[in-house]
Amino acid sequence: MTTATSPTSPELEQAITDARTVAEVRQQDDAELGWFDRWSAIAVGGAFVVTAAALFAGHGAPTARELLTFALLVAAHSLASRVVFESAGGAAVPTQTTLMVGMLLLPVEYVPLMVLLGLVLSISERPSVHDLLVRAMSGWHCIGPVVVLAAADLDTVSLDHWPVYVLAVAAQFLLDAVIALLRCAALGLSWTVLPRPLSWTWSVDAMLAPIGVAAVLAADASLWALVFAVCPIGILALLGRDRTEHFEKAVVISEAFEAAVEAARQDPVSGIANRRAWNEATARAALRFAANPMGRSVTVVLADVDGLKRVNDTIGHDAGDDLIRAAGEALQAAAPPGALVARIGGDEFGMLVVDHPELDCLELVQRVRVAIAHHPLVHGLPLSLSVGGASCPPYADVEAAQAAADERSMADKAARRAGR
């Protein structure tokens, strides 16, 4: 089973990114490739192409039965290479059964070319030369079993030869690791990304390999072995598709839930946060400040829209809604990055600023007043807000700061009325 790349599941992106170093990478423009990436693909991938062709040609002319078996195994290997099954350990393709059947039904010298053609034919889009050579690099894993079985020179398929089969699979794993390390070096990645995807792939391959051997034994080394070998591929294809569909449904449900949660915390008139979001944010800020007040700061700025009822009664509620939106815009313009601005009542707004010790409450209140002064007229009327703010420290907690900010906002409103 060789690992493959699949970007369809955002939740598994990190695991898939790690797994891609085991065998192949996504298509890249030649201009973006590093020199080591390019030349390692040419050297290692090209060497496998030459090796596969030389072994096939060096064995001599195949019989009609061997050609038929070879063609069917190429098709089966190509099909298996297209079945990408994602997991938390990485994304993989179930080619181990076809590889084992090929080792036992064909002359072992034919297997590298079978693997190479299967890998190439599995590419759905038009590949570049670099893509073909990178894909060819992953074929080196079959050379280990070829060497072991060729050295053993077995005449029959039998469970008595199980030590040889185990050694062949172990040789495959060894070359898997070597090629993965080369790809890590070519891509500039640390080898530490390899243990998880490699161990998962080896575990699955170790379980699929006996199926390939059993298929050949059950079919008495006939072509019926291909039917038995393809069945696990079909099962994994169905399970993989079902898993993808369930994951996509889960993503849709999650997005709908997040949208509902966001809507529940958004004021429908101003488009900013509502009282529920404000209460949750101030509660979190209070807990964090109480747990560790050293070096932390929380500032609360409260503002009331002046004359909102008068605008609603004389001009209309549409104009009042415009005034509410204008107040939210002014507060957002004055808020530093990361601050929460919310409408917490009919004409009351709040700004929560956490861990910005360089901005005290007086400066934030002044920024709000500047934003109000520069805001365009609303239905011919200037925007007017009564503003107050407080911080902890010096107040002992967020609740005390919010109460002080409310008192200062009311005092500002009283002063404005007295002035008028």
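Could you tell me which residue of the stretch 368-400 is surrounded by the most Cβ atoms within 10 Å (Cβ to Cβ), considering only residues that are among the small types (G, A, S) and over 16 Å from F349 (Cβ atoms)?
Within the stretch 368-400, the first condition is being among the small types (G, A, S), and the residues that meet it are 371, 373, 380, 384, 386, 388-391, 396, 400.
Filter again for over 16 Å from F349 (Cβ atoms), leaving 373, 380, 391, 396, 400.
Details: A373: 11, G380: 7, S391: 23, A396: 12, A400: 15.
Step by step, filter the stretch 368-400, then rank; the result is S391.
V157 passes every criterion in (1) over 23 Å from L117 (Cβ atoms); (2) part of a helix (DSSP H, G or I); (3) touching a residue at least 60 places away in the same chain (Cβ under 8 Å) apart from (2). Set side by side, the residues E329, E407 differ, and just one is among the acidic types (D, E), surrounded by fewer than 16 Cβ atoms within 10 Å (Cβ to Cβ), closer than 28 Å to P268 by Cα and assigned by TED's automatic domain parsing to the domain that holds T314, which is E407.
Just to be sure, is R135 of a type in the set (D, E, K, R) and surrounded by 15 or more Cβ atoms within 10 Å (Cβ to Cβ)? Spell out how you get there, then give the answer.
On the way: of a type in the set (D, E, K, R): yes; surrounded by 15 or more Cβ atoms within 10 Å (Cβ to Cβ): yes.
Answer is yes for this residue.
Restricting attention to the stretch 201-253, the residues that are surrounded by fewer than 16 Cβ atoms within 10 Å (Cβ to Cβ), under 17 Å from L79 (Cα atoms) and under 26 Å from the mean Cα position of the chain (by Cα) total 4. Residue count for the stretch 356-383 under the criterion of being within 45 Å of the chain's Cα centre (by Cα) and either at positive phi or among the polar types (S, T, N, Q) (or both): the result is 1. Of the candidates P210, P232, the single residue that is at pLDDT 80 or above, in contact with a Pro (Cβ under 9 Å, 6 or more places away or on another chain) and either assigned by TED's automatic domain parsing to the domain that holds V166 or more than 23 Å from F70 (Cα to Cα) (or both) is P232.
Only one entry in A170, A185, A150 is within 28 Å of the chain's Cα centre (by Cα) and either surrounded by fewer than 18 Cβ atoms within 10 Å (Cβ to Cβ) or closer than 21 Å to G46 by Cα (or both), namely A185.
Which of the residues belonging to the stretch 89-134 are farther than 26 Å from M207 by Cβ, of a type in the set (A, V, I, L, M), part of a helix (DSSP H, G or I) and at pLDDT below 90? Outline the logic, then answer.
Of the stretch 89-134, the ones farther than 26 Å from M207 by Cβ are 107, 109, 113, 120, 123-134.
The next check asks that each one be of a type in the set (A, V, I, L, M); those that pass are 113, 120, 123, 129, 132-134.
Next, from what is left, pick out any that are part of a helix (DSSP H, G or I): 113, 120, 129, 132-134.
Listed by number, the residues that qualify are V120, V129, L132, L133, V134.
For residues in the stretch 289-303 being surrounded by 23 or more Cβ atoms within 10 Å (Cβ to Cβ) and not polar (S, T, N, Q), which is farthest from G350 (Cα to Cα)?
Going residue by residue through the stretch 289-303, those that are surrounded by 23 or more Cβ atoms within 10 Å (Cβ to Cβ) are 298-303.
When the remaining residues are screened for being not polar (S, T, N, Q), the result is 298, 300-303.
Numbers: V298: 13, V300: 7, V301: 6, L302: 4, A303: 6 Å.
Checked the stretch 289-303; the qualifying residue farthest from G350 (Cα to Cα) is V298.
Restricting the stretch 116-132 to residues that are surrounded by 22 or more Cβ atoms within 10 Å (Cβ to Cβ) and aliphatic (A, V, I, L, M), the residue that is farthest from G102 (Cα to Cα) is L119. Pairing each residue of the stretch 186-207 that is in the same structural domain as A41 (by TED's automatic domain parsing) and free of Cβ contacts under 8 Å to residues at least 40 places away in the same chain with any residue that is assigned to a loop (DSSP other than H, G, I, E, B) and of a type outside the set (F, W, Y), provided the two are 6+ apart or on different chains, yields C-beta distances under 9 Å for W202/M1; S203/G89.
The values are calculated or read from the model by the stated rules, or taken from the named source; none is laboratory data. Since the model is a prediction, treat every value here as computed from it, not as a measurement. Using ideal geometry, Cβ is built from the backbone for each residue, glycine included, and neighbour counts are taken over all protein chains shown.
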